[in-house]
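Take a look at the structure set out below.
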Amino acid sequence: MAENENPAEDKAIPPQDLVPWSEFLEDYPLNSVQNVSEYYEKTHSQYGDPFRRLTPTLRLHCSKCKGVRNFSGRWTHHDTFSNGDVVHDFVKYTCKDCEDASKTFCVISQAIGDNGNGCALKIGEFPELHLELPRSVEKLLGDDYKLFVKGLTCEKRGLGIGAFTYYRRVVEAQKNHLIAEILRVAEKLGGPADIRDKLKAAQKEKQFSRAVDAVKGVIPESLLVDSHNPLKLLHNALSICVHAEPDEQCLRIAHSIRLVLVDLSERLKLALGEQDELRTAVSDLLNFTAEAKKKAKD
Ligand SMILES: [Zn+2]
């Protein structure tokens, strides 16, 4: 084989189908097949193999440092290659801060074309994908938090239908509670009574779709997710037919449901917390003014 022969047949991969190799390793669940960019580089070496599989610095959760840190990696076997063979290999990453905690990925991968791209399948990672959930999610979901975590476990393992089904159960069970929390925010914010009346009416609706219709236009702005009604987003996501959609599509939708639920829980916490803080601040100021007046009289 000629030294600079391309790693594999030169297939053109549309840019929108590519994700950075680092993002694939950091975030993608198991069993994901994905076209990746920045997977390999030409070494310009006169000796040995002319291409090298890359190990970009990753941002991963470190169990020793208790936070997200930079990790550097190395392939277990030779990282250089001269053709586009499919490679089964481990890539081990170590925390740059403590130089102790590590994470190992097991991937099947192949270089494609001559632009540094590749195709990869993640078949294992240890420790498993760390997804930090804010405390507000547990507080919001109550007893259903355990089912939510089971959905998250499925999501991390690339089990789309499983993740979707768990999340759907949680959202359906929590529908009225979510509306009740939105109502609490609306009550704290004050405003027209008909907004609160509509939210109260929505709580009585048995069907999710009718409840979503009932709250149309009355969700406080601070709770909108990227300018959208979070309940409508959740309802739309739950409307897919799980029996007809492929597992990958269920996984993508499950991922979106989780992001919206987590975002909503944080927004609710902030909206309710900020109002409490504001109330305390107003109360402090009123007390301070009253005391100052009293001192002035004395
Ligand atoms: Zn560390």
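Figures for the structure shown
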| item | result |
| --- | --- |
| Lys/Arg +1, Asp/Glu -1 at C-beta; the stretch 8-167 dipole; positive extreme among Val137, Asn31, Thr165 | Val137 |
| Theoretical gain in end-to-end length, Lys206 to Ala296 [0.36 nm per residue, Cα-Cα removed] | 26.4 nm |
| Least to most buried among Tyr167, Tyr93, Tyr28, Tyr39 (fewest other Cβ within 10 Å first) | Tyr28, Tyr93, Tyr39, Tyr167 |
| The stretch 135-282: C-alpha gyration tensor shape, a/c 1.5 cut-off, then a/b vs b/c | prolate |
| Farthest positive-ward along the chain dipole, Cα basis, beta-carbon charges - from Leu286, Gln203, Ile123 | Leu286 |
| Computed P(r) (all Cα pairs; the stretch 1-156; 10 Å bins; percent) | 10, 34, 31, 17, 6, 2, 0 |
| Sites Cys65 and Phe90 - FRET efficiency at Förster radius 25 Å, r taken between beta-carbons, to 0.05 | 0.65 |
| Sorted by Cβ density within 10 Å, fewest first, the residues Ile240, Ile182 | Ile240, Ile182 |
| Relative contact order for the stretch 15-126, counting Cα pairs under 8 Å that sit 6 or more residues apart, in percent | 27 percent |
| Difference of contour (0.36 nm per residue) and Cα-Cα distance, Asp49 to Glu128 | 25.2 nm |
| Pair Cys98, Ile13: separation of 7 Å Cα→Cβ label points (nm) | 3.3 nm |
| Relative contact order [Cα under 8 Å, 6+ residues apart], the stretch 135-282, whole percent | 31 percent |
| Gyration tensor (alpha-carbon) shape descriptor, the stretch 80-210, a/c threshold 1.5 | prolate |
| Using alpha carbons only: equivalent-ellipsoid semi-axes of the chain, gyration tensor based, whole Å | 49, 26, 16 |
| Student exercise, the chain dipole from Lys, Arg, Asp, Glu Cβ charges, in Debye to nearest 20 | 1720 debye |
| Between the stretch 99-159 and the stretch 34-92, the alpha-carbon center distance in angstrom | 18 Å |
| Beta bridge orientation in the chain: antiparallel %, DSSP, nearest 5 | 90 percent |
| Full-stretch length increase - Asn287, Lys188 - with 0.36 nm per residue and alpha-carbon distance subtracted | 33.5 nm |
| Relative contact order [Cα under 8 Å, 6+ residues apart], the chain, whole percent | 15 percent |
| Rounded if a/c under 1.5, otherwise prolate or oblate - the stretch 162-212, Cα gyration tensor axes | prolate |
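Since every read-out is calculated from the coordinates, none of them should be taken as a lab result. What you see is a predicted model; the values in this text were computed from it and never measured. Please note: Cβ atoms are built from the backbone with ideal geometry, for glycine as well, and neighbour counts cover all protein chains shown.
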